[in-house]
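Enquirer: Let me give you the structure first, and then I'll get to my questions.
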Amino acid sequence: MSDRTEAPLCEIDDLRIAFAGHDGALAPAVRGVALTVRRGERLGIVGESGSGKSLTGRALLGLLPPEAKWSAKSLCFNGQDLLAMTPRQRRHLCGTQMSMILQDPKYSLNPVMTVAQQMRETIARQGERLSKRAMRERIVEALAAVHIRDPERVADAYPQELSGGMGQRVMIAMMVSAGPQLLIADEPTSALDVLVSMQVLTVLDEMIERHHTGLVFISHDLPLVMSFCDRVAVMYGGRIVETCAARDLAQARHPYTRGLLAANPPLANPPEELPTLGRDASWLTESFDGAAR
Amino acid sequence: MIEIDRAHIRFRTKTGHVDAVRDVSLHVHDGEVFGLVGESGSGKSTLLRALAGLVPLADGAMRIGGQTAERRPRRDVQMVFQDPYGSLHPRFTVDRTLREPLAINGIGNQDARILDALAEVGLGPAFRFRYPHQLSGGQRQRVSIARALIVEPRVLLLDEPTSALDVSVQAEILNLLRRLHRERKLTMILVSHNLAVVGFLCQRVAVMRNGQVVEQLGVEAVRAHEVAHEYTKRLLLATQGYTRDTGAIEAQR
Amino acid sequence: MHSPAERTPMKPARAHWRAWLVTDTPASPRQAALGRAYRRWRRFSSNPLSMLGLAILVLLVVVAAVGPLVVAQDPLRQVLAERLTPPNAAHWFGTDQLGRDILSRLVHGSRLTLSIAMLVVVLVVPLGLMIGTVAGYCGGFVDTVLMRVTDVALAFPKIVLALAFAAALGPGVLNAVIAISITAWPPYARLARAESLRLAQADFIHAARLSGASHLRILLRYIVPLCSSSVIVRATLDMAGIILAVAGLGFLGLGAQPPSPEWGYMVASGRNVLLDAWWVATIPGLAILAVSLAFNLLGDGLRDVFDPRHGG
């Protein structure tokens, strides 16, 4: 597993994001989130809608909407301070060392360009100058590496001609095959059927292993994150309420985490009635001790 | 109670036609909760809509209570839809949404019935004159369920009623559906892609793929993993979460 | 019964009413509807430009209603000795070539402008709405037929049609309005059709069908109310164009006939003396500009109010 003495790949401290409402008052969406991710480690961020998990992922890449007002005590990547960088430097970092996969390839891939044209752009940004043939070979290779069976045909197709699972694999080919150090996956399988999700997750698994990439896996699906990630952070109301190793989640201590786990109907021996999650206002303000690792 | 006999549903497309449902035969008993499981494109939602009379059959027959769609009153079969944001008229208050089915069917005592319906789905009278945009996703689904039940149907069809909801809200709605089934002894058909949800509510399950039923089995068999068809096995395995083995099997397909 | 509590200042009472309107647990359909109207008004009034548009139109209505009774001079009275006098104390906006007071002509003409605008809207909007919603909801053959009819109406050029009407029935404001209306409804039909095509697939329509609602009920009570807001917004934005079209016809001599104080006709008659007596054409021209602008601003404001993201 990860080497404890190694410096963390990415570190966030006290991230706060708020949006101005109609009347000008600031509505906080993320309230003081602190995270670390190590090289090769898989961190899952789990929360329901409105918990702020997607915003946290986007803040790392500088992809927040312009109306968002945010601040952080520190935001470091690979020892570099992201807060001190110019937008240009940040963008350069994004293309090469940090990547993101989003939920629905229909919306995250450009619909007026073929797959090959889009991949050409991404590969070119890595800095190498390749001849047309070498570029084409590289593209087909990348598509084959994500287990696409007919990479030549897919390379010349438009995103809307591809199925959901195929589109996500193309996204992975584009974003991960260059071997970024950190990958943020925002609900990568939520729009996919369960069997197709398995395929996509396998491909993601392989890619991450091969390049020793750090992963931040954002999802609302706690059981899935438990099975795919090493560590899990549970978010509620813009804060992280509990962080622990994935295998220890069944013994989670925070009532919200326990409630989330219990709310999933189990296939074997389901109860008469599923326990419902009562929301305690103290979860929004108090910190929970003894869970951070 | 519900009989589907070699149903065949076909859609015309620009280039020809697509067989959404092919030669499906099912039988649902009175008071039973029957599950239809499958991935997208399996035809499960289309089959449900045909049962509701929203989609025509190309061949075969569907009978509810012995009668086909034209013979029985429309209100006998009601449906709860997947998307909570599209299932309520944006300009109608909750009161109006619930009053419409009563008004159309000439049912009297409307105010009392509306209050009862709201109470039954766990919404107090405070919600009565709200507009849909003032309700959360879970609250909208409750209103949809109340609307379906207010005309006292014999059959309730549910098309992925919780897949657009947070898991904690889903738990509340599943509990509600279970209670309603017990109290009203409804016949229900639940369509879902989630085996665990189906396992919680249903007694029998049919697994669909590419417009056909590949297996029908009781829910205990599903829980015990005693499934015959290989596709069902794969679905069951995938429900347990991601493992390298599960992934390897799927990646080779 | 004037207890001290009832003589407390206005503020608490206003706050009470406001709370009653914006509560999210309304206790009756009327409270819910009033609350929704209040929220829409707040959104509308937060935009200063929309309020400007509304203010100008309110002014127009007031002038049209009360103006002719207040203005001292007779719009038709010709005093040839005073022709083409610039704006002065006796004639605030000057006089035209026949010595008629321009201010009073403007005020009397406002009634014409307002009636024209309302007449066209009353004719065009319901027609377009009905044709569009029926076409979109029914689909198939009905849709095709109705859309081809719409295409035919769209193909008529306004001016040529107005000329034809003038030739057949004689020129006049009413005939100009009819000519414009016949060619103005197609865009509304198209708009309504696009909306109702989308809505026909919505789950709440399916639910209504399952409840046993007839097609007519669904069309009139479910679909039309949802299409009407975009059609109304479009109509207010088009109003400027309609007023200009009537003014244009007046300019060509096809609309209002002398000595009617219709604004377009006033602009037309003043163009010969534009360089020497600028006020004869410019003042009515500015009035047309102001009213068109006001309708545009109002339409923009309404569009924001009816934006579905805010709940419509």
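Readers should treat all values here as calculations from the given coordinates under stated rules, not as data from a laboratory. Being a predicted model, the structure only gives us computed values, none of them experimental. Neighbour counts are summed over all protein chains in view; Cβ atoms, including those assigned to glycine, are modelled from backbone coordinates with ideal geometry.
Enquirer: Provide a whole-number value for the mean count of partner chain Cβ atoms within 10 Å of the Cβ atoms in peptide B:124-136. It would help to have the intermediate numbers written out before the result.
Expert: Details: counts 1, 2, 5, 3, 6, 12, 6, 9, 3, 6, 7, 1, 1.
The mean count of partner-chain Cβ atoms within 10 Å per residue comes to 5.
Enquirer: What does DSSP give for chain A in terms of the percent of beta bridges that are antiparallel, rounded to the nearest 5? Could the numbers behind the result be given before it?
Expert: Numbers: 25 of 43 bridges.
Roughly 60 percent of the beta bridges in chain A run antiparallel, per DSSP.
Enquirer: Among A:Ser99, A:Ser49, A:Ser282, which one moves the most in a GNM of chain A with springs linking Cα atoms closer than 10 Å?
Expert: The residue with the greatest mean-square fluctuation here is A:Ser282.
Enquirer: Still on this model: What number comes out for the charge environment of A:Val154, summing +1 per Lys or Arg and -1 per Asp or Glu over other residues with Cβ under 10 Å away? Present the calculation step by step, with values, prior to reporting the outcome.
Expert: Details: positive: A:Arg149, A:Arg153, A:Arg169; negative: A:Asp150, A:Glu152, A:Asp156, A:Glu161.
Around A:Val154, the charge tally is -1.
Enquirer: How shielded is C:195-207 by partner chains, expressed as the average number of their Cβ atoms within 10 Å of its Cβ atoms? If you can, show how the numbers build up before the last one.
Expert: Working: counts 0, 0, 0, 0, 2, 0, 1, 8, 13, 12, 4, 8, 16.
Average per residue, whole number: 5.
Enquirer: Then there's this: Which of the three applies to chain A, rounded, prolate or oblate, going by the alpha-carbon gyration tensor with a ≥ b ≥ c and a/c under 1.5 meaning rounded?
Expert: On the way: a/c = 1.79, a/b = 1.40, b/c = 1.28.
Since a/c reaches 1.5 and a/b is larger than b/c, the shape of chain A is classed as prolate.
Enquirer: Also, quick follow-up: Beyond 27 Å between alpha-carbons counts as too far, so tell me which of A:Lys53/B:Lys233; A:Lys106/B:Lys44; A:Lys53/A:Lys73; B:Lys14/B:Lys233; B:Lys44/B:Lys233 fall in that bin. Intermediate values should be presented prior to the final figure.
Expert: On the way: A:Lys53/B:Lys233 33 Å; A:Lys106/B:Lys44 23 Å; A:Lys53/A:Lys73 18 Å; B:Lys14/B:Lys233 36 Å; B:Lys44/B:Lys233 19 Å.
Table pairs above 27 Å Cα-Cα are A:Lys53/B:Lys233; B:Lys14/B:Lys233.
Enquirer: Determine, from the Cβ-Cβ distance of B:Leu115 and A:Ala27 and an R0 of 45 Å, the FRET efficiency 1/(1 + (r/R0)^6), rounded to the nearest 0.05. Present the calculation step by step, with values, prior to reporting the outcome.
Expert: Working: r = 34 Å, r/R0 = 0.76.
Plugging the Cβ-Cβ distance into 1/(1 + (r/R0)^6) gives 0.85.
Enquirer: Between C:Trp41 and C:Asp304, with labels modelled 7 Å along Cα→Cβ, what's the label distance in nm to one decimal, could you check?
Expert: Placing both labels 7 Å beyond Cα along the Cβ direction yields 1.8 nm.
Enquirer: To continue, here is another question. In debye, nearest 20: dipole of the protein assembly as shown around its Cα centre with unit charges on the Cβ of K, R (+) and D, E (-)? Numbers along the way, then the final one.
Expert: Numbers: 93 positive and 78 negative charges, 292 e Å.
I would put it at about 1400 debye.
Enquirer: Give me the Å³ per residue figure for the convex hull around the C-alpha atoms of chain C.
Expert: Values: hull volume 62.5 nm³, N = 312.
Expressed per residue, the convex hull around the Cα atoms of chain C is 200 Å³.
Enquirer: Whole-Hz Karplus ³J(HN,Hα) for region B:48-64, in order, using 6.51 cos²θ - 1.76 cosθ + 1.60 and θ = phi - 60°, x for Gly and Pro?
Expert: 5, 5, 5, 4, 6, x, 8, 10, x, 8, 7, 7, x, 9, 10, 10, 10
Enquirer: Counting only other chains, and only Cβ atoms inside 10 Å, what mean value do you get across the residues of B:73-86? Kindly include the intermediate steps, with their values, before the conclusion.
Expert: Values: counts 1, 5, 3, 1, 1, 3, 5, 2, 5, 1, 2, 1, 2, 8.
The per-residue average across the peptide is 3.
Enquirer: For region B:47-112 and region C:140-189, what is the centre-to-centre distance using only Cα atoms, to the nearest Å?
Expert: Result: 41 Å between the Cα centres.
Enquirer: Using square roots of five times the C-alpha gyration tensor eigenvalues, list the equivalent-ellipsoid semi-axes of the protein assembly as shown in whole Å, biggest first. Before the final figure, lay out each step's value.
Expert: Values: eigenvalues 675, 258, 183 Å².
Over the Cα atoms of the protein assembly as shown, the semi-axes work out to 58, 36, 30 Å.
Enquirer: Right, next: What number, in percent, do you get for the relative contact order of chain B if the mean sequence gap of Cα pairs under 8 Å and at least 6 apart is divided by its residue count? Could the numbers behind the result be given before it?
Expert: On the way: 435 pairs, mean separation 64.5, N = 253.
25 percent.
Enquirer: From the residues A:Thr96, A:Pro275, A:Val37, which one has its Cα farthest along the dipole of region A:10-284 in the positive direction, the dipole being from +1 and -1 charges on Cβ of Lys/Arg and Asp/Glu about the Cα centre?
Expert: A:Thr96
Enquirer: Taking H as built 1.01 Å from N, whose amide H comes closer than 5 Å to the amide H of B:Arg130, not counting residues under 5 places away?
Expert: It is B:Val94, B:Asp95, by chain and number.
Enquirer: Let me ask something additional. When the label point is put 7 Å from the Cα of B:Thr239 along its Cα-to-beta-carbon vector, which residues of region B:19-43 have a backbone N closer than 15 Å?
Expert: Residues B:34-39 fall inside that zone.
Enquirer: Return the single residue from A:Gly79, A:Gly167, A:Gly47 with maximal mean-square fluctuation; model: Gaussian network over chain A, springs between Cα atoms under 10 Å.
Expert: Of A:Gly79, A:Gly167, A:Gly47, the Gaussian network model singles out A:Gly79 as fluctuating most.
Enquirer: Could you give the size of the charge dipole of chain A about its Cα centre, using +1 on the Cβ of each K and R and -1 on the Cβ of each D and E, expressed in debye and rounded to the nearest 20?
Expert: On the way: 32 positive and 34 negative charges, 193 e Å.
Here the size comes out at about 920 debye.
Enquirer: Please report the antiparallel percentage of DSSP beta bridges with both residues in chain B, rounded to the nearest 5. Write down the numbers at each step before the final one.
Expert: Details: 21 of 40 bridges.
Around 50 percent of the beta bridges assigned by DSSP in chain B are antiparallel ones.
Enquirer: Taking the dipole about the Cα centre of region C:23-104, with the C-beta of Lys and Arg at +1 and of Asp and Glu at -1, give me whichever of C:Leu84, C:Phe44, C:Gln97 is farthest to the positive side.
Expert: Value computed over the given set: C:Phe44.
Enquirer: How many Å³ per residue does the convex hull of the Cα positions in region B:2-251 occupy?
Expert: Working: hull volume 36.9 nm³, N = 250.
Considering the Cα atoms of region B:2-251, their hull volume per residue is 147 Å³.
Enquirer: Would you list, by chain and number, the lysines whose Cα falls below 25 Å from the Cα of C:Lys158, excluding same-chain residues fewer than 8 positions away?
Expert: none
Enquirer: Given the options A:Gln251, A:Thr202, A:Leu183, identify the residue whose Cα lies farthest towards the positive end of the charge dipole of region A:10-284 (+1 on Cβ of Lys, Arg; -1 on Cβ of Asp, Glu).
Expert: Checking the options against the dipole of region A:10-284, the answer is A:Leu183.
Enquirer: Please give the Cα centre distance for region C:18-82 versus region A:184-243, rounded to the nearest Å.
Expert: When both Cα centres are located, 56 Å separates them.
Enquirer: Less than 14 Å Cβ to Cβ from A:Asp104, Lys/Arg counted +1 and Asp/Glu -1: what total charge do the surrounding residues give?
Expert: With Lys, Arg at +1 and Asp, Glu at -1, the neighbours total -1.
Enquirer: Still on this structure, please answer the following. If Lys and Arg each add +1 and Asp and Glu each add -1, what is the summed charge of the other residues whose beta carbon sits under 13 Å from the beta carbon of A:Gly52? Before the final figure, lay out the partial values.
Expert: Numbers: positive: A:Arg16, A:Arg31, A:Lys53, A:Arg58, A:Arg239; negative: A:Glu48, A:Asp186.
My count for the surroundings of A:Gly52 gives +3.
Enquirer: With charges only on Cβ, +1 for K and R and -1 for D and E, what is the dipole size of region C:60-310 about its Cα centre, in debye, rounded to 20?
Expert: Details: 17 positive and 14 negative charges, 107 e Å.
It works out to roughly 520 debye.
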